[in-house]
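Trainee: What follows is a single structure, and I will ask about it in a moment.
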Amino acid sequence: MAIEDSHSSSFFGPWPDRLRHSAIILLAAAFALCALVLLADLSPARGVAAFICIAAAALVPWRLHDAVSSREEVGSVRPVEAAAVSAVVAGIPDPAVLLDRAGRVIHLNAAAAQLAPALRKNELAQFALRSPEIVTALREAIATSESRRASYLDQGLVDRWMELVVTPVPMPTLFGGTEKCMLLTFHDQTPLRRVEEMRADFVANASHELRTPLAALSGFIDTLQGPAKEDAKARERFLSIMHAQATRMARLIDDLLSLSRVELSAHVRPESSVDIVPIIRQVADGLEPLARERQVEIEIDLPTAPVTIPGDREELLRLFENLIENALKYGASGGRVIVSLKEAASADGAPEIRVMVRDFGPGIAPEHLPRLTERFYRVDVGDSRQQGGTGLGLSLVKHILNRHRGRLLIESVPRNGATFTACFPQAKSPISA
Ligand SMILES: Nc1ncnc2c1ncn2[C@@H]1O[C@H](COP(=O)(O)OP(=O)(O)OP(=O)(O)O)[C@@H](O)[C@H]1O
Ligand SMILES: [Mg+2]
């Protein structure tokens, strides 16, 4: 499959072009020979013969060049320009390839070599870039001399959505003409597509989570208006279920609002300094009734001195509430939850404060760990719903930590509990326990 445009003229142009290019030489020769015939006694036959020789000398090299060019068009772009364009192509951060009009590679940058390892200089690009969308875009760009775009799925170890832009670039040739080269630039659209998919999933999940309690509410309203109208006992029971469902909806909306608030301010690091020790104590005290209900003992191991970090008090309350509540809800079978704080160093050696929430429940299987902070992700949806969960807690935790320039570590050994560690960059004085 040749990419070359069938309408384009050959590199040096057709015969009329060649005559036009040689016209001055031929005219000058004709004048000179006429003058010699008239003034210097040159015989007309010799004059004609001399003219034929000059014309042949002026035209035959063009034909030789044609023969050369048809075999070696890649090298026909002027070296100075080729070097300049190669430097530009090399400097483009995205994958970029410069092709001649026949589709052979003149230059490619490192990113392009990584994207398509089969691309080789002086070889046809279409064999390395096998996507039909690319070949069509190239053909159209050559035929119309206008930019063309194409999207395609690059199926490798990891599938990537790529967008290709083909831009015609006229390049000066060794012999004074121009060659219509093509600059191919590739843009990885995968992150954008992922965000798009996540947004669609998010709307679908949020609507589903709201629709479930809403359906229960309207079902009970129908029953209360109809068959159970006069049944005082059923009314009492249904009203309490309706109350629980309405509370769940309110909680979901609260969580969604908190999440979007934290996301909106993600780029602004909290400025005020807060002591996190009393915040953790306040959360643990507030969850004491839940701990009693689940028969779990909360052990607190915190320093007596203040531990100050740049932080937002309200957000930190929510963060620790989510972690300790999860430990109480999902790790209740272990009967113990330990909340502790220590100083440590991050991988790059920066000092940080680590708050650990450890439970001794069933733990979490390793395949779930990387997905726990996704919105609405739950290991066991039924279990979480039964506990009044919405699946947004850890997502909120992650966003709050991002805003605080911190990170969340999750470690778990199935059947031996889980440890959630919130790490914060350290602000000022070290802890004195
Ligand atoms: N300590 C834990 N032990 C075992 N599983 C846990 C633990 N913490 C979280 N999980 C699992 O992670 C899932 C996601 O937790 P997350 O806090 O995001 O949502 P949730 O608790 O279900 O709902 P919400 O926090 O919005 O009330 C939970 O549903 C649960 O399956
Ligand atoms: Mg939770």
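The values are calculated or read from the model by the stated rules, or taken from the named source; none is laboratory data. From a predicted model like this one, the values you see are computed outputs, not experimental measurements. Please note: Cβ atoms are built from the backbone with ideal geometry, for glycine as well, and neighbour counts cover all protein chains shown. Ligands, DNA and RNA are excluded from the accessible area calculation, which covers all protein heavy atoms including side chains. Shrake-Rupley method; radii C 1.70, N 1.55, O 1.52, S 1.80 Å.
Trainee: Can you name the condition, by its number, that residue 337 falls short on among (1) modelled with pLDDT under 95; (2) touching an Asp or Glu at 6+ places or on another chain (Cβ under 6 Å); (3) within 26 Å of residue 299 (Cβ to Cβ); (4) not polar (S, T, N, Q)?
Mentor: Going through (1) modelled with pLDDT under 95; (2) touching an Asp or Glu at 6+ places or on another chain (Cβ under 6 Å); (3) within 26 Å of residue 299 (Cβ to Cβ); (4) not polar (S, T, N, Q) one by one, residue 337 breaks only (1).
Trainee: Can you tell me which residues in the stretch 297-332 are in contact with a Phe, Trp or Tyr (Cβ under 8 Å, 6 or more places away or on another chain) and within 30 Å of residue 382 (Cα to Cα)?
Mentor: Selection gives 323, 326, 327, 331.
Trainee: Taking residue 410 as the residue in question, decide whether it is under 21 Å from residue 321 (Cβ atoms), more than 8 Å from ligand 1 (Cβ to nearest atom) and part of a strand (DSSP E or B).
Mentor: Yes; evaluated as a whole, the condition is true for this residue.
Trainee: For the stretch 204-214, state whether one or more residues are outside the structural domain of residue 385 (by TED's automatic domain parsing), open to solvent by less than 80 Å² (accessible area, probe 1.4 Å), closer than 30 Å to residue 152 by Cβ and within 43 Å of the chain's Cα centre (by Cα).
Mentor: yes
Trainee: If I ask for residues that are at pLDDT below 85, among the small types (Gly, Ala, Ser) and open to solvent by 50 Å² or more (accessible area, probe 1.4 Å), which ones from the stretch 166-203 would you list?
Mentor: Across the stretch 166-203, the qualifying residue is only 176.
Trainee: Right, something else. Can residue 413 be described as open to solvent by 40 Å² or more (accessible area, probe 1.4 Å) and either without any contact (Cβ under 8 Å) to a residue 40 or more places away in the chain or outside the structural domain of residue 198 (by TED's automatic domain parsing) (or both)?
Mentor: Answer is yes for this residue.
Trainee: For the stretch 416-426, what are the residues that are surrounded by 20 or more Cβ atoms within 10 Å (Cβ to Cβ) and not in a strand (DSSP E or B)?
Mentor: 417, 426
The rows are residues; the columns are (1) modelled with pLDDT under 95; (2) among the charged types (D, E, K, R).
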site	(1), (2)
256	yes, no
263	yes, yes
269	yes, yes
278	no, no
281	no, yes
291	no, no
296	no, no
313	no, yes
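Trainee: Tally time: how many residues in the stretch 351-385 are under 30 Å from the mean Cα position of the chain (by Cα) and either of a type in the set (Val, Ile, Thr) or within 16 Å of ligand 2 (Cβ to nearest atom) (or both)?
Mentor: 14
Trainee: Do you know which of the residues in the stretch 377-402 that are at pLDDT 90 or above and more than 8 Å from ligand 1 (Cβ to nearest atom) is surrounded by the most Cβ atoms within 10 Å (Cβ to Cβ)?
Mentor: Step by step, filter the stretch 377-402, then rank; the result is 400.
Trainee: Within the stretch 54-61, does at least one residue satisfy the condition of being at pLDDT below 65 and not in a strand (DSSP E or B)?
Mentor: Checking the stretch 54-61: at least one residue is at pLDDT below 65 and not in a strand (DSSP E or B).
Trainee: Related question: Could you check how many residues of the stretch 357-374 are open to solvent by less than 40 Å² (accessible area, probe 1.4 Å), assigned to a strand (DSSP E or B) and more than 7 Å from ligand 1 (Cβ to nearest atom)?
Mentor: The number of residues fulfilling the criteria is 1.
Trainee: Looking at (1) surrounded by fewer than 22 Cβ atoms within 10 Å (Cβ to Cβ); (2) of a type outside the set (Phe, Trp, Tyr); (3) assigned to a loop (DSSP other than H, G, I, E, B), which is the one condition that is false for residue 135?
Mentor: Going through the list (1) surrounded by fewer than 22 Cβ atoms within 10 Å (Cβ to Cβ); (2) of a type outside the set (Phe, Trp, Tyr); (3) assigned to a loop (DSSP other than H, G, I, E, B), residue 135 breaks only (3).
Trainee: Cβ-Cβ below 9 Å, separation at least six or inter-chain, first residue in the stretch 158-177 and free of Cβ contacts under 8 Å to residues at least 12 places away in the same chain, second surrounded by fewer than 17 Cβ atoms within 10 Å (Cβ to Cβ) and part of a loop (DSSP other than H, G, I, E, B): which pairs?
Mentor: Pairs found: 170/145.
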